[in-house]
Every structure is written in C-alpha cells, then in structure tokens.
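Written out below as structure tokens is the structure these notes cover.
The values are calculated or read from the model by the stated rules, or taken from the named source; none is laboratory data. On a predicted model such as this, the values are computed, not experimentally measured, just so you know. Cβ placement follows ideal geometry from the backbone for every residue including glycine, while neighbour counts extend to all protein chains displayed.
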Ligand code: PXG
C-alpha cells in the first residue's frame with residue numbers, strides 16, 4: 001500500500017477494520033469525533049455532541065479532566081513503563097490499596113489487566129486455579145447467564161450469553177452452563193430500578209448443581225446489571241439468592257462489574273447496592289474514566305491466600321500481562337479516584353436517580369416504545385423492530401441522534417441506551433431526553 005501524507009482528517013477509511021461496527025455503512029457515512037470536554041464531544045467539522053453514553057460506559061468523570069491529563073503527562077515524563085513481572089512501581093501498590101479499600105468485605109487483593117475482557121478471563125482462571133491449589137481440582141465447570149456480556153476473550157464469550165458473540169467462534173470452553181436471563185417483558189415492562197419479579201430465576205442454579213454435582217462446579221459469573229444487552233437490572237433479591245446457593249454448595253460467585261463499577265449504580269461497586277459480597281469483582285472502564293486502558297479483578301482474601309504457599313522463590317499464579325498495572329494507567333486511575341471522592345460522584349448518582357428515571361420514563365408512549373428501564377444513571381428504551389429487520393430502527397436512531405440531534409447514544413439492536421458521565425447536570429438530563437424523544441419520533 002502507498003502511504004498518504006498525514007493530515008488532520010483521515011482521507012482513506014479502508015485500512016481500519018472497526019470493532020463491533022457496521023464497517024461498510026460507517027465508511028459511506030462516517031460518525032467521527034475530534035475533541036472532548038466535560039459533557040461534550042466535538043466533531044472534526046465543528047459540531048458539539050452531547051455525550052449520552054460516557055464514551056462507552058467509561059468516562060464517568062466527564063471528558064478532559066485536567067487532573068487526569070496532568071497525572072498522565074507527569075507519569076509519562078517520570079517513567080513511561082515498568083515491567084510488572086518480578087518488579088514493581090509505587091503507584092501500582094497505591095492503586096491496589098485504594099481499590100481494596102473501596103471494595104466491600106474482604107475483597108482485599110487486586111490483579112491488574114488492560115481491559116474488561118482480560119479481567120473476566122483472569123477471574124475465571126483464578127477460580128479454576130484456586131480449586132486446583134485447594135485440592136478440589138474436579139471443580140472445573142463454569143456458569144454464566146443468557147444475555148450476559150463478559151467481554152470477548154474465549155473465556156468471556158464461553159460464559160457470556162450473546163448468541164452473535166459466540167456462534168462464529170468454534171467450540172469455546174467446554175463445561176459451561178447458563179442461567180436464564182433475568183429479563184421478562186411481560187412481567188417487568190417499564191420498571192424503575194430492580195424489577196420485583198424474577199428472584200426465583202436464581203434457583204435455576206440448583207438445577208445445574210443437580211445435573212453436574214456441586215463437586216464439579218467452580219464459579220458462577222453474572223453482571224449485577226446486564227449492560228451490553230440493553231440494561232437489564234437484577235431483580236430484587238436475585239443476587240442475594242445466588243449468593244446463598246453458591247454458599248450452600250461452595251461455588252465461587254463472580255460479579256462482572258466492568259459497567260456497574262465506579263458509580264454507574266450509585267456506589268463504588270454494585271455489590272454494595274445489593275448488600276452481597278461476591279468472591280471476585282471484575283472492573284475496567286470507569287477505573288481510569290477511559291483515559292488509559294485498564295481493568296482488573298478484586299479477589300477475596302481467602303482466595304488470594306490459598307495461593308501463597310510453597311517455596312517463596314516460586315511464582316504463585318502463572319498469569320499476567322506485559323501491561324498489567326501500566327504506570328500511565330495507574331496514574332490516570334489514582335487521579336480519577338480522587339475526582340470521584342472529591343466530587344462525591346457516586347452519591348450524585350443516587351441523588352439524581354429519581355429525576356433521571358422520571359425524565360427517561362417520560363418517553364413512554366412515543367411511537368414504537370415497547371419498554372423502558374432505568375437504574376442508577378442508566379436508561380434503556382426498547383423500540384419495536386422496523387420492517388427493515390431487527391436492529392435497523394436502532395441503527396437509524398444512532399445516525400439520527402449523531403447527525404441530526406448532536407447526541408451520542410449507544411444501541412444494542414433496537415434498544416437505545418443512555419449512560420451519561422456522572423457529572424451531567426439536571427438541565428442536561430432534560431436536554432438529553434428531549435433530543436432522544438425527537439430521535440424516536442424521527443425513526444417511527
Ligand atoms: N464485562 C462487561 C460486563 C462489559 O460490559 C466487558 C466485560 C469487556 O470489556 P472490554 O474492556 O474488554 O471491552 C464489558 C464491555 C455496550 C458495550 O454497547 C459494552 C461493553 C463494551 C463495548 C460496548 O454496551 N462492555
């Protein structure tokens with residue numbers, strides 16, 4: 001390929017194979033971003049776009065926060081990179097201590113990754129290795145959930161429950177079962193917060209135990225609120241029930257909090273909202289407010305400690321990444337956590353939750369609105385599919401929002417999702433839902 005001179009705007013869109021994107025449609029009508037500040041993106045052609053989805057559920061502090069920018073700049077000057085295997089740097093330990101202090105119960109240890117997908121695969125591997133070092137190596141089976149999204153690694157898509165993410169990729173992990181989805185429209189339509197119906201769906205774990213025997217089950221992984229599949233909150237009492245059944249049979253419980261961590265549901269971790277302590281929590285996204293890639297797994301003390309035996313010169317867990325606890329990511333995360341604390345952004349979500357729910361549920365009654373769900377600072381609006389087939393109305397809505405309403409939303413099929421930065425003002429909530437109302441009418 002011949003090279004082009006560098007310019008401000010890309011003049012050839014062909015080379016970049018975009019992730020989870022309709023590439024051909026994009027390249028005919030690109031949706032391009034150039035700058036970002038606070039609640040807004042700015043397009044290269046000068047439009048100001050309201051950010052309805054915190055980038056991709058990650059920029060919880062709002063964009064371009066000076067403290068985070070300064071921390072990254074200073075760290076790049078001071079030390080660009082440090083190897084994480086057998087060697088450390090102070091910010092990695094500081095950050096791990098702070099995260100452990102924020103997490104509930106004895107989730108006291110942190111394993112760093114660079115994404116949510118790596119965090120999920122790490123948690124699953126820790127679960128399997130834990131049973132090995134604990135003398136119960138027959139516990140190899142994993143349990144996920146239908147309509148769960150646990151990233152795109154082979155472990156994550158195996159426990160995940162999104163058909164399209166699985167069906168092209170071979171046989172995946174064997175020995176995986178899935179709990180049923182917690183969503184049932186006829187029982188739950190237009191719910192605010194946690195639906196009253198559905199706690200009994202956790203009992204399906206009893207049937208899986210009955211089928212395979214508890215002695216073969218390693219771990220259950222669920223999102224406290226399924227994010228990617230259209231914001232499906234756990235029903236009231238569901239997570240407690242799951243914890244009880246896991247305790248009864250000694251099965252590890254993993255909460256995938258890649259989306260729900262760092263304030264989205266009004267707490268550092270959703271585990272706190274539900275008063276349930278899982279054995280591991282996966283996180284990513286909001287830990288650095290999206291500024292530098294980072295993820296990780298919070299692990300309970302007992303699980304971590306089970307590995308700390310054998311000769312002291314020996315590696316205890318054969319796992320890790322070149323960029324685990326990257327200095328730039330650690331610096332960005334420490335600055336991000338400072339902002340969350342100083343501005344009480346998690347508490348802000350709880351204070352806004354009622355007003356947010358009112359604003360989003362006011363869209364009920366617009367054409368083709370089949371269901372609306374709100375929780376924390378998340379809103380999802382299911383539209384009926386159009387004659388163009390599943391996902392077409394949603395795709396039209398994405399384009400209408402971006403090009404005509406200067407609003408960035410996320411779509412999952414025909415579901416429109418809002419998850420704005422946690423700094424959103426009350427008037428911006430009104431502005432956002434007004435724009436979304438116009439979008440919904442335009443694609444009717
Ligand atoms: N677990 C959960 C619960 C997630 O939501 C991942 C793992 C994977 O994280 P990485 O960093 O590997 O992407 C996610 C990611 C959407 C959307 O449209 C959601 C995610 C990613 C992209 C889009 O809702 N979540």
*asked:* If I ask for residues that are surrounded by fewer than 19 Cβ atoms within 10 Å (Cβ to Cβ), outside any helix (DSSP H, G or I) and within 16 Å of the ligand (Cβ to nearest atom), which ones from segment 116-151 would you list?
replied: 146
*Residue that is farthest from residue 174 (Cα to Cα) [pool: residues in segment 205-226 that are touching a strand residue (DSSP E or B) at 6+ places or on another chain (Cβ under 9 Å) and in a loop (DSSP other than H, G, I, E, B)]*: 224
_Residue in segment 165-172 that is away from the ligand (no atom under 13 Å from the Cβ) and either in contact (Cβ under 8 Å) with a residue 12 or more places away in the chain or within 30 Å of residue 351 (Cα to Cα) (or both) present_ = yes
_Looking at segment 47-74, I want the residues that are at positive phi and have a partner that is within 14 Å of the ligand (Cβ to nearest atom) and in a helix (DSSP H, G or I) with Cβ atoms under 6 Å, at least 6 apart or on another chain. Which pairs are those?_
57/285
*Identify, please: which residue in segment 144-168 is touching a helix residue (DSSP H, G or I) at 6+ places or on another chain (Cβ under 6 Å) and modelled with pLDDT of 95 or more and is, among those, nearest to residue 179 (Cα to Cα)?*
144
_Unmet criterion (only one of (1) surrounded by fewer than 19 Cβ atoms within 10 Å (Cβ to Cβ); (2) within 19 Å of the chain's Cα centre (by Cα); (3) assigned to a loop (DSSP other than H, G, I, E, B)) for residue 183_ = (1)
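Out of the helices (runs of 4 or more DSSP H) lying entirely within segment 227-337, which hold 2 or more residues that are away from the ligand (no atom under 16 Å from the Cβ) and either surrounded by fewer than 22 Cβ atoms within 10 Å (Cβ to Cβ) or in contact (Cβ under 8 Å) with a residue 24 or more places away in the chain (or both)? Full working, then the answer.
On the way: elements: 238-249, 270-274, 301-307.
Helices (runs of 4 or more DSSP H) meeting the threshold: 238-249, 301-307.
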_residue 341, sole failed condition from (1) touching a residue at least 12 places away in the same chain (Cβ under 8 Å); (2) closer than 28 Å to residue 114 by Cα; (3) part of a helix (DSSP H, G or I)_ = (1)
*Which numbered condition residue 213 misses (of (1) in contact (Cβ under 8 Å) with a residue 12 or more places away in the chain; (2) out of contact with any helix residue (DSSP H, G or I) (no Cβ under 8 Å at 6 or more places or on another chain); (3) over 16 Å from residue 180 (Cα atoms))*: (1)
*Does segment 305-319 include one or more residues that are out of contact with any strand residue (DSSP E or B) (no Cβ under 8 Å at 6 or more places or on another chain) and under 22 Å from residue 53 (Cα atoms)?*
no
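Do we have any residue at all in segment 92-100 that's surrounded by fewer than 22 Cβ atoms within 10 Å (Cβ to Cβ) and closer than 30 Å to residue 430 by Cα?
In the first step, residues of segment 92-100 are kept if they are surrounded by fewer than 22 Cβ atoms within 10 Å (Cβ to Cβ); the result is 92-94, 96-98, 100.
The next check asks that each one be closer than 30 Å to residue 430 by Cα; those that pass are none.
No, segment 92-100 contains no residue that is surrounded by fewer than 22 Cβ atoms within 10 Å (Cβ to Cβ) and closer than 30 Å to residue 430 by Cα.
Go through segment 56-70 and count every residue that is within 16 Å of the ligand (Cβ to nearest atom) and within 18 Å of residue 425 (Cβ to Cβ).
Quick first cut of segment 56-70, residues within 16 Å of the ligand (Cβ to nearest atom) only: 56-60.
Subset that is within 18 Å of residue 425 (Cβ to Cβ): 59-60.
Qualifying residue count, segment 56-70: 2.
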